[in-house]
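The values are calculated or read from the model by the stated rules, or taken from the named source; none is laboratory data. Just so it is clear, the model here is predicted, and its values are computed rather than measured. Heads up, the Cβs are rebuilt from the backbone with ideal geometry, glycines too, and the neighbour counts pull from every protein chain shown.
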Amino acid sequence: MFYRIVLQGRSSGAQDLVAVQAEFARVTGLPMDVTESLFAQTPRPIKERLAQADAERIAATLRAIGAAVTVERDLLASLDSLDNGVHELVAPDHRGPPTIVPGSEPGPASTQITAAQRLRKRFGRHLPLAVGAPLAIALLVPLASMVEDAVSSFRPARAVAPAASKPALADAPAPVARPNASTLHGPWRCTNQNNGLSVYWDFGADGALAFYGDTYKGNAPHAADPAIPNGWQLNDEHLVFTFVRGNPVAYAVSEFNLTRLRYGDGRDVDIQCRRP
């Protein structure tokens, strides 16, 4: 006994017909236009001369994607009589009404939907995204402003530059502040950048220069030594050391503030000083 699979041309239950047709085309490998023509002709056999197990297996696959199909006995393909050892098939006119396998009866015929309804069903699933995305963007704009205001409240307030009484000329160079000699007054720990040795000096307000060696606290300045400078002067950007005997020596100052001093000759002398 052979069986056939009959497509009812509709989807089962409340499933979307367009989506079912797309799945049907994917599973069967048929073009979309052929699939739509199969669903337009109801009912229509799509597979014949099958064993019952094969027919039920294929029908179960199609029902899983939402297509309404039935499994029926294929009386035309079944052997009906035997004459002199030759099997004869019943003519198509004698096929008669199909016998439906229990459990595969078709449901009520579905109403054909219009093109507008098909379009609405196709894009209906994307409607929440199409509406929600612009709404989310509209909500993010004020939310970002609120977050920026909240973050800025925790930042330290920026100092406001005082307004200039008169606008400066655009091409006029900014005045450069000259080093003030009084900034040098007091003790310094000076390190030779070439050999790493550190010694202590005290720059007096009267121009005297006291040498303490490698220890400053609790020590008295070393006795005068002709090889050690005993006076200092700051001329523009040069630090000048004077001696008991001998000519003064001037060094170029490359860094100078309350806590740091650096001078040298650009070759052999490179001294960096800090407050002890």
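Pull up the stretch 76-90, narrow it to residues that are under 16 Å from M1 (Cα atoms) and of a type in the set (A, V, I, L, M, F, W, C), then point me to the one that is modelled with the highest pLDDT. Selected residue: L76. Test G264 against the criterion of being touching an Asp or Glu at 6+ places or on another chain (Cβ under 6 Å) and surrounded by 10 or more Cβ atoms within 10 Å (Cβ to Cβ), and give yes or no. Spelling it out, G264 is indeed touching an Asp or Glu at 6+ places or on another chain (Cβ under 6 Å) and surrounded by 10 or more Cβ atoms within 10 Å (Cβ to Cβ). Within the stretch 234-251, residues that are over 22 Å from A223 (Cβ atoms) and modelled with pLDDT under 90 reach partners that are assigned to a strand (DSSP E or B) and hydroxyl-bearing (S, T, Y) with beta carbons closer than 8 Å, at six or more positions or on different chains, in the pairs L239/Y251; L239/Y263. Whether any residue in the stretch 196-203 is modelled with pLDDT of 90 or more and loosely packed, with under 12 Cβ neighbours inside 10 Å is what I want to check. Among the residues of the stretch 196-203, not one is modelled with pLDDT of 90 or more and loosely packed, with under 12 Cβ neighbours inside 10 Å, which makes the answer no. As a summary of the residue check, E72 satisfies the conditions (1) outside any helix (DSSP H, G or I); (2) without any contact (Cβ under 8 Å) to a residue 60 or more places away in the chain; (3) not polar (S, T, N, Q) except for the one numbered (2). For V27, indicate whether it is part of a helix (DSSP H, G or I), surrounded by fewer than 18 Cβ atoms within 10 Å (Cβ to Cβ) and in contact (Cβ under 8 Å) with a residue 60 or more places away in the chain. No; evaluated as a whole, the condition is false for this residue. Reported count of residues in the stretch 219-276, each being part of a loop (DSSP other than H, G, I, E, B), under 60 Å from the mean Cα position of the chain (by Cα) and among the β-branched types (V, I, T), is 2. For the stretch 39-75: of the residues being surrounded by fewer than 13 Cβ atoms within 10 Å (Cβ to Cβ) and of a type in the set (A, V, I, L, M, F, W, C), which is farthest from I5 (Cα to Cα)? Among them, the one singled out is A40. Against the definition (under 54 Å from the mean Cα position of the chain (by Cα), basic (K, R) and modelled with pLDDT of 85 or more), how does R158 come out, yes or no? For R158, the condition - under 54 Å from the mean Cα position of the chain (by Cα), basic (K, R) and modelled with pLDDT of 85 or more - is not met.
Of all residues in the stretch 40-52, those that are touching a residue at least 60 places away in the same chain (Cβ under 8 Å) and under 18 Å from A25 (Cβ atoms) have Cβ atoms under 9 Å from Cβ atoms of residues that are among the small types (G, A, S) and surrounded by fewer than 13 Cβ atoms within 10 Å (Cβ to Cβ), 6 or more apart or on another chain, in T42/A109.
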